[in-house]
1. Which ones in the stretch 410-420 are closer than 20 Å to Glu447 by Cβ and surrounded by fewer than 22 Cβ atoms within 10 Å (Cβ to Cβ)?
2. Anything in the stretch 813-869 that is under 39 Å from the mean Cα position of the chain (by Cα), at pLDDT 90 or above, of a type in the set (Gly, Ala, Ser) and surrounded by 13 or more Cβ atoms within 10 Å (Cβ to Cβ)? List them, or say none.
3. Give the residue, chosen from Ser936, Ser958, Ser969, that is assigned by TED's automatic domain parsing to the domain that holds Leu780, among the polar types (S, T, N, Q), touching a His at 6+ places or on another chain (Cβ under 7 Å) and buried (at least 19 other Cβ atoms within 10 Å of the Cβ).
4. Name the one entry in Lys696, Lys667 that is closer than 22 Å to Gly382 by Cβ, of a type in the set (D, E, K, R) and assigned to a helix (DSSP H, G or I).
5. Look at Phe941 and say whether it is touching a residue at least 40 places away in the same chain (Cβ under 8 Å) and aromatic (Phe, Trp, Tyr).
6. Which of the residues belonging to the stretch 550-570 are in contact with a Phe, Trp or Tyr (Cβ under 8 Å, 6 or more places away or on another chain) and in contact (Cβ under 8 Å) with a residue 24 or more places away in the chain?
7. What's the total number of residues in the stretch 631-648 that are in contact with a Pro (Cβ under 8 Å, 6 or more places away or on another chain) and either over 16 Å from Gln676 (Cα atoms) or among the hydroxyl-bearing types (Ser, Thr, Tyr) (or both)?
8. Only one of these is under 30 Å from Tyr565 (Cβ atoms) and either assigned by TED's automatic domain parsing to the domain that holds Glu966 or out of contact with any Leu (no Cβ under 9 Å at 6 or more places or on another chain) (or both): Asp475, Asp420. Name it.
Amino acid sequence: MLVLCLSLIVFTSYLNISGIHDFRGLGFRFSLERGVPWVPQQQQPQHVQAHAPAGAPLQPPPPPRGRRLVFRDPVLRDQSRRLDRLEDLAAWQSSNKKWTRDGQRTYTLRDAAARDEEDPVGLTNALLAALILFNYKYYVSTDLPSLPSPNWSSSSSRGRNYRENEKELMIKFPSFYLATANFPNMENLKLERSKCDQDHIVTSDAPSDVPNRLIIVANQLPIIATLKNNENGASFWDFTWDESSIYVRLKDGLPKTMEVFYVGTLRADVCPEEQDNVSKTLLDRFNCVTVFVLPNTWNKHYQGFCKQYLWPIFHYKLPAFEINGVRPAPSLWRSYVFVNKQFAEKVMEAVNSHNNYVWIQDYHLMVIPTFLRRDFCRFKIGFFLHSPFPSSEVYKTLPMRNEILKGLLNADLIGFHTFDYARHFLSCCSRMFGLDYRLKRGYILLEYCGRSIGIKIKPSGIHVGQLESYLRQPDTRLMIQELKRQFEGKTVLLGVDDLDILKGVNFKVLAMEEMLKLHPSWVGRVVLVQILNPARGSGQDVAEIDAEIRTICSRINNELGSPGYKPVVFIDRPVSLSEKAAYYAVSEAVIVTPLRDGMNLIPYEYVVSRNGVNDLNPNSPKKSMLVVSEFIGCSPSLTGAIRVNPWNVFDTAAAMYTAIIASDLHKETVHMKHYQYIITHDVANWSQSFFQDLEKACIDHSHKRCMNLGFGLDSRVVLFDQKFRKLETDVLENAYRMSQNRAILLDYDGTITPSINNRPTETMISMINKLCNDPKNTVLIISGRSKEILVSWLGVCEKLAIAAEHGYFIRWAHDQEWETHVSRNTVGWMEMAEPVMNLYTEATDGSYIEKRETTMVWNYEDADKGFGLDQAKELLDHLENVLASEPVAVKRGQYIVEVKPQGVNKGIVVDKIFANMNEKGKQADFVLAIGGDDKSDEDMFVAIGDGITKGQITNDNSVFTCIVGEQPSAAEYYVDEPEDVLTMLGKLGHLSNQE
């Protein structure tokens, strides 16, 4: 027992040191349910079927005797042998010991040691589950809960599926469940053999005859549910489309052959006994997949995390530590993650083909893309954010900022209402992850893990026809006549807002008061009608702002009002769309002045209403005026509106007065300009534009390989070329044995040594010498470092060829002179480039210049990432202009801007080494080229491909271009770490000694 615990402690230390958090790559899957092996859903094995009689003996099958785990690292390899022995013992137990259904087994770390001999598999599972928790980023359980196996004698557990068991676990052990729930495709946690890494890669995109489908995922379904009674007094649910929801009309802009499904919650309390019937009805009649969430969990998700924490942060409300008396407790975040996971599972139920598209709406569901990618990496996912996205300084205050941002980056297309919101998002990606974006034919593309994520800027619209139909209804026309009689002789200003602290209603009514005091002649002649919709959230701030608005309105009406006249008409009840349209029709101007808001479609609805019914005479001029906050999403689109800073009461008061006294001609001109924009940019145009861009963003899915990487909410998808795969040592060794003329090309930093520890070790020097001493080998190290540094480090390797400064200098052996690519009198450009770089170094704190014999590098790795990136782009443009007539190339790499002579790259070195071998009569029949984290290595891989085409290599089956790390590359192979490179080269050196 002691030996096993110590080995697992070593195992944990290794994982922490190595930064390994993706256990799938190690070949593990886990389960905490004894005797229940993992199987896909709806494929339950016979021994776990619920109809077996209670009390009957349960004989678990022996563990599968498939391929044994093989690890490169000796510590992991030793641990693998121990686990194999435990499985052998478990198989012996299952054939010699009966397990009964009414047996109750628990697994905890506290008493695992006492059950070592009795239950070694349970011990292993418990310890491995602990490793998961200890390596989980945020939530570590120091006292693991006791999780019972299924009680087979309990009638309540019969017929229950794994999803129902998950709900129980979430209720009883939410902190433990969050960690374990982050494993892909896991209903249990029993150690099981997983397939090799390649099984997690999807390479085919087979055609399908199934009609294409778009799955729209929103927090709430666009359904109105009403509980009614029939003639017999029995209750039943009646469902209708919610015509006021923007999501109902998304299908208007989609192809006619596209099936549209909806996934979301229902705005009604449905008892558990009725949920199955309700779900079936909504699916059959409306193509709606319903998500039912436990009330307590939903309250923590929506009212707790979304409304009381996430929403204020996205609207610039600080401090992040405590908002409205609600601290961001871990339970709120766990509930948010759990609800997102439930939504993702329902999306999977709606999927019928790999060609399906998923369109996720708004900030309530920002980590769904991560869960979907883990289930199927080729999902075609779009996400649209209907709220503002805060600046990076505000967003970075979120403790879970990485998980949320990575969730969004798992989408193929991310949409925003305005460029400001998109700019803030791109700034966060740059400052937090060092990601860069580029513009391509009018599109913004963000490069992430080999994927080009589209950034869509498109304000949403309204359904014009629906609003116009309301205006044509007789009830609406009668209401318009009543309102005209009510406000006869008065100019009506209209405000329509939700009850919320950020809608700025208090500032608006204060501006109304200020306008009347500045222009007393308008007292009695102008009215502000303020419709205040019920609050969507709850909390102390809602009650406070409600009381403040009422107090201000009461004071203004008392001071400036008179019998039969109230300057502010306050409506604090729910208002139907028909009644709202009537108020729009009689108002001379609408005042929309939130302190910070998303799109806000009130101005759009107002303009359309004024065009439809401005007067009983349809030939009367159509006119309208808008006063809008500059901090709402529709402001950039309404170019004729009067924009104001809502925090400035005097500015808003002046804008109100301007809207009142504007000439009819001006009002007509502005109205027609806005109306033409709104009818051409309606909701159908918005959905059509977004879906077309989503199709373009997913083109790479069909001809590239994708791989799931990462653990839990750090999961991500990486796209590779179809040929890209892991380099198997056995294949490499076989080709090495059969070859006679070998070329081995190695990058230095990040390839044969980690970037943080550049000086070679004695073991590394010995390994290089073994390879160089083989007469069949030509070994070359290519680096961007200066020749002086490389000689001081590698000069003891007498037969090693060295290429310094990306190939400008080459030395074929210790006793030979350095060769240069071009004459040395071409470096006079440095006198021109150095002052420019000094200018940017002084202006960018943390940057510095590396001056070499033939190259100059401006490095901003230690500077602010966002500012450094902007400065790098500007420096690149500046240097290109200054050095336009010089024979140099200016390139931008990872945290650097480099100037070097033209034509100097690692590809030139490849040509030279093949030419050098040919001069000696040794045409290469084996090539191993390994690059690290430098983009300049790509030139080397491309040149090797050209060498095959030119016939410089006799056996193209023995060419191995390899990159360190799973990242997009022109190389065909990859290895995980520099240590893997050293291990592989050590084996090749051992083979050379045997020869």
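1. Of the stretch 410-420, the ones closer than 20 Å to Glu447 by Cβ are 410-416, 419.
Passing the criteria: only Phe419.
2. Listed by number, the list holds a single entry, Ser847.
3. Values: Ser958 fails: touching a His at 6+ places or on another chain (Cβ under 7 Å); Ser969 fails: touching a His at 6+ places or on another chain (Cβ under 7 Å).
Testing whether each residue is assigned by TED's automatic domain parsing to the domain that holds Leu780, among the polar types (S, T, N, Q), touching a His at 6+ places or on another chain (Cβ under 7 Å) and buried (at least 19 other Cβ atoms within 10 Å of the Cβ) leaves just Ser936.
4. Numbers: Lys667 fails: closer than 22 Å to Gly382 by Cβ.
Going through Lys696, Lys667 in turn, the sole match is Lys696.
5. Numbers: touching a residue at least 40 places away in the same chain (Cβ under 8 Å): no; aromatic (Phe, Trp, Tyr): yes.
When the stated conditions are applied, Phe941 does not pass them.
6. Answer for the stretch 550-570, where residues must be in contact with a Phe, Trp or Tyr (Cβ under 8 Å, 6 or more places away or on another chain) and in contact (Cβ under 8 Å) with a residue 24 or more places away in the chain: just Cys553.
7. Summing the residues that are in contact with a Pro (Cβ under 8 Å, 6 or more places away or on another chain) and either over 16 Å from Gln676 (Cα atoms) or among the hydroxyl-bearing types (Ser, Thr, Tyr) (or both) in the stretch 631-648 gives 5.
8. Working: Asp420 fails: under 30 Å from Tyr565 (Cβ atoms).
Sole residue among the options that is under 30 Å from Tyr565 (Cβ atoms) and either assigned by TED's automatic domain parsing to the domain that holds Glu966 or out of contact with any Leu (no Cβ under 9 Å at 6 or more places or on another chain) (or both): Asp475.
The values are calculated or read from the model by the stated rules, or taken from the named source; none is laboratory data. Predicted, not measured: the structure shown is a model, and the values here were computed from it. Note that we place each Cβ from the backbone using ideal geometry, even for glycine, and neighbour counts take in every protein chain shown.
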